[in-house]
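Peer 1: Sharing a structure here in C-alpha cells format.
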Amino acid sequence: MTEKIKRIRRTAEEARRVILDAAERRLADLGPEGIRLQDIAADVGISHPTILHHFENREGLVLALTQRATDQLRTDLFGAFSGPHAREADMHPILDRVFDVLSKRGHARLIGWMILSGAIRQSPAQGLLGDLTDLIHAMRVEENKVHGVPAPDRDDTLFIVILGAVAAFGDGLFGPMVRRAAGVTDETQIAERFRDWFAELLRSRILPAAH
C-alpha cells in the first residue's frame with residue numbers, strides 16, 4: 001500500500017518564501033535555465049499548480065525572485081549609507097554583499113537573461129541606483145562641508161555608483177572568464193583581492209576628504 005505524502009500547511013507568505021528560496025538555490029547552482037517550475041515543486045514538496053497559483057507562470061516567479069534580491073540590496077545599501085555612522089561605513093562588507101547577490105547567487109546572469117530575452121526592458125535596479133546616488137551624494141556634501149572643501153558635483157557621485165554597479169554586474173556575468181583571459185590561476189584568491197582593492201578605490205572616491 002502506497003504511503004501518502006504528508007502535506008505541509010503553509011500560509012501564502014510562507015509558501016511564496018519557500019518557493020523563492022528553492023528557485024534561488026537552483027539559480028545559484030544551475031543558472032537561469034535551472035529555474036523550472038516542476039523541479040522547484042518537487043524540491044519544495046508541492047504541486048505545480050500551487051506555484052502557478054502564487055506566481056501565475058515562470059516569468060512571474062522570475063520577476064518576483066529578482067524583485068526580492070533588489071529589495072534586499074536596497075535594504076543593505078541604504079542601511080550602510082544612512083545614519084550617524086555612514087561616514088565610517090566599511091566598504092568591504094557592503095561590496096561583498098553586492099557581489100554575493102549578483103555573482104554567487106546568480107542574479108546578474110538572471111537579469112541579463114531577462115533583458116536579452118525581452119522579459120523586461122530595464123534593470124530592476126534602475127530606481128535603486130538613482131536613490132542610492134542621492135543618498136551617497138547628500139552624505140558627501142555634508143562631509144565636505146565639515147572639512148571646509150567644495151561640495152562634489154552630483155555627476156561625480158553618479159559615476160561612482162555606475163562604476164560600482166557595472167563592476168559588480170560584469171563580475172557576475174563574466175568575471176571568471178575575464179580573470180582567466182588575464183592569466184589568473186587562483187580564481188578565488190584574485191576575486192577576493194579584487195573586491196578588497198575595489199572597495200578601497202570606491203571609499204577613496206566617495207569620501208576623499210576623510211583620507
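The values are calculated or read from the model by the stated rules, or taken from the named source; none is laboratory data. These numbers were taken from a predicted model, which means no experiment stands behind them. For neighbour counting, all protein chains shown are included, and Cβ atoms are generated from backbone atoms with ideal geometry for every residue, glycine included.
Peer 1: Could you tell me how many of the residues in region 102-119 are surrounded by fewer than 15 Cβ atoms within 10 Å (Cβ to Cβ) and at pLDDT below 90?
Peer 2: Summing the residues that are surrounded by fewer than 15 Cβ atoms within 10 Å (Cβ to Cβ) and at pLDDT below 90 in region 102-119 gives 4.
Peer 1: Filter region 26-85 down to the residues that are in contact with a His (Cβ under 8 Å, 6 or more places away or on another chain) and among the polar types (S, T, N, Q) and list them by number.
Peer 2: Gln38, Thr66
Residue by residue, here is whether (1) within 13 Å of Phe78 (Cα to Cα); (2) touching a strand residue (DSSP E or B) at 6+ places or on another chain (Cβ under 8 Å); (3) assigned to a helix (DSSP H, G or I) holds:
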{"residue": "Pro93", "(1), (2), (3)": "no, no, yes"}
{"residue": "Arg97", "(1), (2), (3)": "yes, no, yes"}
{"residue": "Ser103", "(1), (2), (3)": "no, no, yes"}
{"residue": "Arg109", "(1), (2), (3)": "no, no, yes"}
{"residue": "Arg121", "(1), (2), (3)": "no, no, no"}
{"residue": "Leu128", "(1), (2), (3)": "yes, no, yes"}
{"residue": "Asp131", "(1), (2), (3)": "yes, no, yes"}
{"residue": "His137", "(1), (2), (3)": "yes, no, yes"}
{"residue": "Arg140", "(1), (2), (3)": "no, no, yes"}
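Peer 1: List the number of the failed condition for Ser204; all other conditions in (1) surrounded by 13 or more Cβ atoms within 10 Å (Cβ to Cβ); (2) without any contact (Cβ under 8 Å) to a residue 40 or more places away in the chain hold.
Peer 2: (1)
Peer 1: Among the residues of region 55-97, what is the count of those that are surrounded by 13 or more Cβ atoms within 10 Å (Cβ to Cβ) and closer than 20 Å to Ile120 by Cα?
Peer 2: 16
Peer 1: If you don't mind, another one. Can you tell me which residue in region 147-195 is surrounded by the most Cβ atoms within 10 Å (Cβ to Cβ), limited to those that are outside any helix (DSSP H, G or I) and of a type outside the set (A, V, I, L, M, F, W, C)?
Peer 2: Filtering region 147-195 for residues that are outside any helix (DSSP H, G or I) and of a type outside the set (A, V, I, L, M, F, W, C), the one surrounded by the most Cβ atoms within 10 Å (Cβ to Cβ) comes out as Pro152.
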